[in-house]
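Quick one: the structure is below, and I'll ask about it shortly.
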Amino acid sequence: MSQPLRLGIAGLGTVGIGVVKIIQQQASLLTMRTGREISISAISARTRKKDRGVDLSAYDWEDDPVALAKRDDVDVYVELMGGSNGPAKASIQAALDAGKDVVTANKALLALHGQALAERAETAGRVIRYEAAVAGGIPVIKALAEGLAGNRISRVMGVMNGTCNYILTRMEATGQGYNALFDEAHKLGYLEADPNLDVGGIDAGHKLAILSSLAFGTQVDFDGVELEGIQRIELDDIRAAADMGYRIKLLGVAQMTGRGLEQRMSPCLVPANSPLGQLEGGTNMVVVEGDSVGQVVLRGAGAGEGPTASAVLGDICDIARGYRYPVFGQPAGTLQAAPRAQSTLPAPYYIRMALRDKPGALAKIASILGDAGVSIHRMRQYDHVDDIAPVLLVTHKTTRAELDVALDGIGKTDVVTGAPVALRIESV
């Protein structure tokens, strides 16, 4: 039997405690599957005396995660604190410099500093594993780095934030508006401390940037992700989409084109009968398209103690078995800084606007759309309320550039109130 694999765990929140529980409850199973005992040497968290519902007395305590990362009796540093800088970044750097492998669930850190950390890990001859950073318990990192390594990936897309999917599906199911469901999600503990990370699409954008790097062999470029959250989605949008056979999802899409790398995270309409359209609640789904394999759909729990801790243990077990490969699937020095590109592929769009009750108002809108090269496929106008009429349009396929010209022109008229809402209708 090989020597035990000794862990130092920083962060004892939901995921950290989930990892401790699995190691305590499944010790013999982990040993049988890896050929090594997996043990915990020491732990660290912001508060030592907090009752976490599990016995931690057998482990040494370190107040400073950097000190934990440097300990001689730690082989793998497990960072579960979160945060794109501060102690998380400093302790991971310290662990690599001290010759430790790293397992983390920190998507923000990897999305913003992934290239530098990958170079640092390779210089030190160590690995960083991060299955838990993207889509919770779904093994999408392993799928891209290992199972689909023989494919040229053409597109990666998916629903990668369970909180947004929960809010949108609950709006449809209950008939409640966005604000009410936002409050419900907050009470259930689904929202980050900064809720905009969830509803603003930032959390999901971090994940998309990581997947793009793995899929296309590029340097992680979170700043290149076009971000739009779900805050402007109203119940009328949910109902109108359903009437047309669609559902609204916060959808991430990444694809490499001749112009560069497209990365966008935004609300889209998807066919209600598609796998993405049928996704309910806090579940995540990632769709990968490769030249040899075709389309692969990965679905599962996107967050929570059990699923995320399961992903962390999967990485730990791989290190125990001796599995080693570069952080983003190929040597960091070969990762390209891809040019940023906006989508030019034509698609139909859903547009909602509030039209003033003025003679010729609708004709003016149609004229502006036509002048921009945008043709109307379907239109629905609802009854006036206080001289304002909601109008819904579905366009024929058009480019986002043409649509933006039209929306800019519409916004400058005196016949609409507020900014129109425009959502891409995605083919999946």
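The values are calculated or read from the model by the stated rules, or taken from the named source; none is laboratory data. Keep in mind it's a predicted model, so treat the numbers as computed, not measured. Backbone-built Cβ (ideal geometry, glycine too); neighbour counts: all protein chains shown. These area figures cover heavy atoms from the full protein model, side chains too; ligands, DNA and RNA do not enter into them. Shrake-Rupley method; radii C 1.70, N 1.55, O 1.52, S 1.80 Å.
Considering only residues of region 1-29 that are open to solvent by less than 20 Å² (accessible area, probe 1.4 Å) and of a type outside the set (V, I, T), which is nearest to R71 (Cα to Cα)?
G8
Considering only residues that are in contact with a helix residue (DSSP H, G or I) (Cβ under 6 Å, 6 or more places away or on another chain), among the hydrophobic types (A, V, I, L, M, F, W, C) and more than 15 Å from M265 (Cβ to Cβ), look in region 177-214 and name the one that is modelled with the highest pLDDT.
Among those that are in contact with a helix residue (DSSP H, G or I) (Cβ under 6 Å, 6 or more places away or on another chain), among the hydrophobic types (A, V, I, L, M, F, W, C) and more than 15 Å from M265 (Cβ to Cβ), it is L214.
Here's a follow-up. State all residues of region 73-92 that are free of Cβ contacts under 8 Å to residues at least 60 places away in the same chain and more than 13 Å from L117 (Cβ to Cβ); if no residue qualifies, say none.
G83, G86
Return the residues of region 96-112 that are of a type outside the set (A, V, I, L, M), open to solvent by 40 Å² or more (accessible area, probe 1.4 Å) and either outside any helix (DSSP H, G or I) or without any contact (Cβ under 8 Å) to a residue 40 or more places away in the chain (or both); say none if nothing qualifies.
Answer for region 96-112, where residues must be of a type outside the set (A, V, I, L, M), open to solvent by 40 Å² or more (accessible area, probe 1.4 Å) and either outside any helix (DSSP H, G or I) or without any contact (Cβ under 8 Å) to a residue 40 or more places away in the chain (or both): just D97.
State the number of residues belonging to region 361-380 that are open to solvent by 70 Å² or more (accessible area, probe 1.4 Å) and aliphatic (A, V, I, L, M).
Selection size over region 361-380: 1.
Quick test of your reading of the structure: Y246 fulfils all but one of (1) over 21 Å from the mean Cα position of the chain (by Cα); (2) surrounded by fewer than 23 Cβ atoms within 10 Å (Cβ to Cβ). Name the failing condition by number.
Every condition holds for Y246 apart from (2).
Also: Within region 27-47, work out how many residues are in contact with a Phe, Trp or Tyr (Cβ under 6 Å, 6 or more places away or on another chain) and closer than 15 Å to M81 by Cβ.
2
Being under 21 Å from the mean Cα position of the chain (by Cα) and open to solvent by less than 10 Å² (accessible area, probe 1.4 Å) is true for just one of L168, L191. Which residue is that?
Step by step, each of L168, L191 is checked, and only L168 is under 21 Å from the mean Cα position of the chain (by Cα) and open to solvent by less than 10 Å² (accessible area, probe 1.4 Å).
So A121 ticks every box in (1) within 30 Å of A242 (Cα to Cα); (2) not in a loop (DSSP other than H, G, I, E, B) but one. Which box is left unticked?
The one condition A121 does not meet is (1).
For the subset of region 30-66 comprising residues that are within 31 Å of the chain's Cα centre (by Cα) and part of a helix (DSSP H, G or I), which member is nearest to A90 (Cα to Cα)?
Selected residue: V66.
Kindly list the number of the only condition in (1) in contact with an Asp or Glu (Cβ under 9 Å, 6 or more places away or on another chain); (2) within 18 Å of D237 (Cα to Cα); (3) open to solvent by 70 Å² or more (accessible area, probe 1.4 Å); (4) without any contact (Cβ under 8 Å) to a residue 60 or more places away in the chain that fails for K358.
(2)
Among the helices (runs of 4 or more DSSP H) confined wholly to region 173-272, which include 2 or more residues that are over 30 Å from R378 (Cα atoms)?
178-187, 196-199, 202-216
Condition first: closer than 30 Å to G8 by Cα and open to solvent by 10 Å² or more (accessible area, probe 1.4 Å). Can you find one or more residues in region 146-157 that meet it?
Scanning region 146-157, I find at least one residue that is closer than 30 Å to G8 by Cα and open to solvent by 10 Å² or more (accessible area, probe 1.4 Å), so the answer is yes.
Does L279 satisfy the condition of being open to solvent by 10 Å² or more (accessible area, probe 1.4 Å) and either under 21 Å from G177 (Cβ atoms) or touching a residue at least 60 places away in the same chain (Cβ under 8 Å) (or both)?
no
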